[in-house]
Amino acid sequence: QRARSQFAQAVADLAARPQSIDTLRSAGVVCLLRPLLLDVVPSIRQTTALALGRLADYDAEMAEAVVKAGILPQLICSLPEENRYYKKAAAFVLRAVAKHSPQLAQAVVQSGALETLVICLEDFDPGVKEGASWGLGYIARHNPELSQAVVDAGAVPLLVLCIQEPEIALKRIAASTLSDISKHSPELAQTVVDAGAIAHLAQMIPNPDAKLKRQVLSALSQIAKHSVDLAELVVEAEIFPVVLTCLKDSDEYVKKNGATLIREIAKHTPELSQLIVNSGGVAAVVDCIGSCRGTVRLPGIMTLGYVAAHSENLSMAVIVSKGIPPLCLCLVEEHEDHIKAAAAWALGQIGRHTTEHARHVAVANVLPTLLDIFVDPRSSEDLRTKASTFKALKNILQKCTYLPALEPLLHEAPPSIMKHIIGQFSKVLPHDNKARRLFVTTGGLKKVQEIKAEPGSLLQEYINTINNCYPEEIVR
């Protein structure tokens, strides 16, 4: 007995060190541990389960070996009768196997583990509940089918009970698992809602524990993202204005998840965006973007874009909340193309409504920055074309009649952009005497004569319209 105990303990200790794993692997250690799972001594069964969990946790190959050795059915056959230490260790093995891939998670489900894990959610020991909740989350996160299997096993109502327990660690894991279940589809999110999760999650937003707040905000985001109805249910739980305090949190992930939740609500309808504006949400998001760097900014940037996209009034609310300057800063300060792309998209959404909106964007000196990114050969294909800078420039230029902002672009814009700039001049110059004079003295008219346009093209029409504003000798 002592030898068996020492062996299991030695392997468990070695399995905790990454440098020992390959040696253990080549020694075929999984098959050596297998008989010890059925040992008569409870402490040996426990230590063996712990060793197997650590091995399976290391990489997919070790997890595969645990499955192939037929250990999972053996692990769970006697689980309900075991003590809490064994239950925790067994839940750790199941979680360690399930985390690596959908195929391994499926193997855990096929071994009959779901029913056992759900029984463990009702255990009196919070550590056992935590282990079970964690295991279910690792299964559910892979895809809708596995998530549905977790729901069908009856886990959701018990997870909602777990988030009401006093232990912070249990609350965290249960909220995380509800998030993993909700993320895949509206139907799965609805099962979480039907179990009454939203009200309990919303009550925990002010909790001082940062890790818990992260999970709570994530779960609410995963519910709200799917549909207008689900987003409205989240809003009805009175998350505003309390969720705005998360945007000032010292924890970066709390900030990011708080902004993500607001984004998932803002994207659906003008009414939901208006509600965010009314609660002071846009100003809070603007402050948040200004006070952080990197990917933490991204959901906030997207929120401003979604709000502004809905209507002229909502776009003006973003402008009034001083949303343009921090978005411009993102274009200049950020190195990641996808963050620049999001900022460009948001500015395009703000500027596309009316000449007044476009003027606000132009006055902030956004156009030269967008143009620089557009013509910079180091910018990614995505940033230059389809999505962002080109579209943003086009959106703003089609409404922009503020000529002082357009004129500098005449000297460096490529043909694809030039057409839109010249188009705006051809609209404004025929009706504005002062602008016509300035256009000559700043060299704009001279620049127009240098543009080679296809005869009969739209660009040629614009140029003719501009030239017709002036006497022939001036044009010459």
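The values are calculated or read from the model by the stated rules, or taken from the named source; none is laboratory data. Owing to the predicted nature of the structure, the values given are computational and were not obtained by experimental measurement. FYI the Cβ positions are ideal-geometry reconstructions off the backbone, even for glycines, and counts take in every protein chain you see. Only protein heavy atoms, including side chains, enter the accessible area calculation; ligands, DNA and RNA are left aside. Shrake-Rupley method; radii C 1.70, N 1.55, O 1.52, S 1.80 Å.
Taken over the range 116-144, residues that are touching a residue at least 40 places away in the same chain (Cβ under 8 Å) and either closer than 19 Å to PRO102 by Cα or not in a helix (DSSP H, G or I) (or both) amount to 15. Those helices (runs of 4 or more DSSP H) of the range 145-214 in which 2 or more residues are of a type in the set (Ser, Thr, Tyr) occupy 168-182. No other residue among LYS394, LYS427 is part of a helix (DSSP H, G or I) and over 30 Å from HIS338 (Cα atoms) apart from LYS427. Of everything in the range 413-452 that is of a type in the set (A, V, I, L, M, F, W, C) and closer than 19 Å to LEU371 by Cβ, the residue that is most open to solvent (accessible area, probe 1.4 Å) is ILE451. Selection over the range 238-273 of residues that are at pLDDT below 95, buried (at least 16 other Cβ atoms within 10 Å of the Cβ) and among the small types (Gly, Ala, Ser) gives a count of 0. When SER78 is tested against (1) more than 27 Å from LEU114 (Cβ to Cβ); (2) of a type in the set (Ser, Thr, Tyr); (3) surrounded by fewer than 14 Cβ atoms within 10 Å (Cβ to Cβ), exactly one condition is not met: (1).
Does any residue of the range 32-55 turn out to be of a type outside the set (A, V, I, L, M), part of a helix (DSSP H, G or I) and within 22 Å of PRO102 (Cα to Cα)? Yes: one or more hits. Of the listed requirements (1) over 23 Å from the mean Cα position of the chain (by Cα); (2) open to solvent by 50 Å² or more (accessible area, probe 1.4 Å), ALA153 misses just one: (2).
The residue that is surrounded by the most Cβ atoms within 10 Å (Cβ to Cβ), counting only those in the range 11-21 that are touching a helix residue (DSSP H, G or I) at 6+ places or on another chain (Cβ under 9 Å) and in a helix (DSSP H, G or I), is VAL11. Counting only residues that are outside any helix (DSSP H, G or I) and touching a helix residue (DSSP H, G or I) at 6+ places or on another chain (Cβ under 6 Å), which one in the range 355-391 is surrounded by the most Cβ atoms within 10 Å (Cβ to Cβ)? Only one residue tops the list, namely SER388. Restricting ALA51, ALA60 to those that are open to solvent by less than 10 Å² (accessible area, probe 1.4 Å) and not acidic (Asp, Glu) reduces the list to ALA51.
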